[in-house]
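The values are calculated or read from the model by the stated rules, or taken from the named source; none is laboratory data. The structure displayed is predicted, hence computed values, not measured ones. So basically every Cβ, Gly included, is an ideal-geometry build from the backbone, and we count neighbours across all protein chains shown. For the accessible areas, the whole protein counts, side chains as well, though only heavy atoms, and no ligand, DNA or RNA atoms are used. Shrake-Rupley method; radii C 1.70, N 1.55, O 1.52, S 1.80 Å.
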Amino acid sequence: MIEIVSATRCVECDICVKVCPTNVFDATEHGAPVIARQDDCQTCFLCEIYCPTDALYVAEFAEGPTGITEVEVEERLLFGSYARALGWARGKAGGSQFDPTHRIRVAQ
Amino acid sequence: MPKSQKSASDNLHLQADVLVLGGGPSAAWAAVAAAESGARVALADKGYLGTSGATAPSNTGTWCVPPGDNRHAVVERRWQRTGELADQRWMLRCVDTAYRNLLRLSEWGYPFPSEDDGRLYIANLRGPDYMRFMRRRVLLAGVTVLDHHPALELLSDGDAIVGAGGVARQAGHDWRVDAKAVVLATGGCAFRERILGGTGLTGDGYLMAAEAGASLSGMEFTGKYTLAPYGSSLNKGLPFRWASFHREDGSPILGPTGEPLRNGIGDREDEVARALIDGPVYARLDQAEPALQGWLRQGQPNCFVPYDRAGIDPFSDLFRITLRAEGTVRGTGGIDIVSDDCATGVPGLYVAGDAAGREIMTGAVSGGGAVNSSWALASGWWAGKGASTHAKRRAGKAFRGTVQPLGQAGLRPAATPRADIAAGEVIEAVRNEVTPLDKNFFRSGAGLEKSSERLESVWRDVRDHLRGEGADKVRAREAASIAAAGRWSVASALHRTESRGMHRRTDLPGKSPALAHRLIITGVDAFRIEGTPERPAELAS
């Protein structure tokens, strides 16, 4: 589930507050959004790819927080890794024209 | 502090011809179709149109059957797998309309990939891109989009459904949209399983429709589960097509012929489920050739997020797996459709996508991603058109009568509200009956009887005492919807005294010819179950 909003990366655009389908974040008066309802996170990773500065990290475990730190996420280059795998960048969609899934369906 | 707060005096009150409830693909297509017919359309979603639902976080195939002589044969072959409950006429019209809408996506400029010969490959939709694209099309069509506006209940003027009301959960005020027709595109019920889309898919539309007098169909078909890395949200079976499976002691899990299992999807889920009831199960995607590994990684990037973040190489490492319950999302139960325009039989109320019963499309077996995706493309279109036509017919009579809100359980309890009846505990109690593999993947009459007793007790508390205040209004209503769906599911499963498709009765293996029909359930507190009724083939509301 969602574990990190990086205050150093965040530009306070509040896009995550708007796009999270489960209303996990709250905007704040001065500063980065906060994770207000963590247990509602459905671990869909969509906030990450909509974030224009790769400031969010959703850990793979859906049942509860893992406690991973921002330092580890930075060191393992995990910020923005799902967006890069898709071909999204700076919160903008891209890459679906290169999707090779049709080859998988043939193999199946 | 939230940035915007509104007082009760800021409540939102709109009028529209058609109101669409939901934010997934069928909601988007319904809104576009209704707007194209000239209707003023509002769309209210619990979350955000573009990220809500099971499609947006996924990468889904479609059931894409181009026109031609072969189409009847393709449909016939697929029908053979549906446990005799699907309807080939619906299957044919679905592939026809879905194909036309896939072409429409291509004309609008959706970035489909190309095949080797340069032709666009339109049979696959990447969820995040598809739903972001659909949001833009909905806005371009002039639809008023209300994100984070969960609906709590439908409104009736005594003759027809005339709108819905709910709360604007970020702004903190109530909303009401008066409409000449309403499309329920609220998705299925995932019973709060932690799967992609699962938080919002609480079956809200089922309860709203049933309160209005609509029936549900196929609620016993909630026995679909999909493999996922243990503890993850990735209920995507495709990579497990090329996997081996092992018990804790390393011994391989065997298939029905005694050979080690090398494909864990489809019917083979039964073997994995049996092993998982006994103890932990591990898998390795070691049946995938290197080229396929690359395509899987590039084509299904969401499936690899859990492995990459957990530091696992799924092609060489053993990793623990689970089967995630998928309720009616990949099950087939939902609101019964009574005519070709996706009407529910309640005047002014239409249904699309996973909110609708999909037995007519895929019977007793799961439609998986592909059939459900095409169903959303087609049923959204029909429901949007149907609602728009109804709105035009009703133009003179609209917005005149006295409006009654229809919400009961979780909103207006029958007796005194009690603070000790909490939404979270209700949901846990329901989950305990409808998600464990040994109760719901493999079912038995005795087990279902016990579950039924417990769910009746949960339901009585919900009906009589559950109510949330403020932000918890939505949570209470979601819990009531989950409780209602669980109760309908177990009751229908008890009624189906046989095994068929994903309904596996260990005490009654094998199909019963006498039950080769759908089960229709009607009523909320007191309900009745009937075999598929005879009805006119074509009848608009």
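What the table shows:
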| quantity | calculated |
| --- | --- |
| Largest to smallest principal axis extent of the C-alpha atoms in region B:423-511, angstrom | 49, 19, 16 |
| Centroid-to-centroid separation of region B:306-363 and region B:503-517 [C-alpha atoms, Å] | 22 Å |
| Average beta-carbon neighbours from other chains, 10 Å sphere, peptide B:39-50 | 2 |
| Taking N as its residue count, the alpha carbon Rg of region B:1-123 over 2.2 N^0.38 Å | 1.41 |
| Extension reserve of the B:H495-B:V403 stretch, reckoned as 0.36 nm per residue once the Cα distance is removed | 29.4 nm |
| Accessible area (Å², 1.4 Å probe, nearest 10) - A:C41 | 10 Å² |
| B:D438-B:E84 pseudo-label distance in nm [points 7 Å out on the Cα-to-Cβ vector] | 3.3 nm |
| Shielding by partners - mean other protein chain Cβ count within 10 Å, residues of B:145-154 | 1 |
| Where region B:423-511 is the region considered: accessible area per residue in Å², 1.4 Å probe | 38 Å² |
| Cα gyration tensor shape for the protein assembly as shown, rounded if a/c is under 1.5, else prolate or oblate | rounded |
| Accessible-area order (highest first, 1.4 angstrom probe) of the listed residues B:F245, B:F527, B:F315 | B:F527, B:F315, B:F245 |
| Cα-projected label distance for B:E115 with B:N70, points at 7 Å along beta-carbon direction, nm | 0.8 nm |
| Inter-chain Cβ neighbour average for residues B:304-311, partner chain, 10 Å | 6 |
| Protection proxy ranking of B:171-181, B:197-207, B:332-342 - average other beta-carbon atoms within 10 Å, highest first | B:197-207, B:332-342, B:171-181 |
| Helical mean residue ellipticity (222 nm; -39500 (n - 2.57) per DSSP H run of 4+; nearest 500) of chain B | -11000 deg cm²/dmol |
| Solvent-accessible surface (1.4 angstrom probe) belonging to B:D249, in square angstrom, nearest 10 | 120 Å² |
| Two-site FRET efficiency, B:Y230 against B:A516, from Cβ-Cβ distance with R₀ of 41 Å, rounded to 0.05 | 0.60 |
| Gain upon complete extension [B:W108, B:E453; 0.36 nm per residue less C-alpha separation] | 119.0 nm |
| Heavy-atom accessible surface of chain B: percent carbon and sulfur, 1.4 Å | 49 percent |
| A:H102, B:H503, B:H517, ranked by accessible area, largest first (probe 1.4 Å) | B:H517, A:H102, B:H503 |
| Total accessible area lost when A and B pair, probe 1.4 Å, Å² to nearest 100 | 4900 Å² |
| Theoretical gain in end-to-end length, B:A141 to B:D267 [0.36 nm per residue, Cα-Cα removed] | 41.1 nm |
| Residue-count net charge about A:W88 - beta-carbon cut-off 13 Å; Lys, Arg +1, Asp, Glu -1 | +1 |
| Spin-label zone in region B:155-183 - amide nitrogen under 12 Å from a point set 7 Å from the Cα of B:N11 along the C-beta vector | B:165-168, B:173-177 |
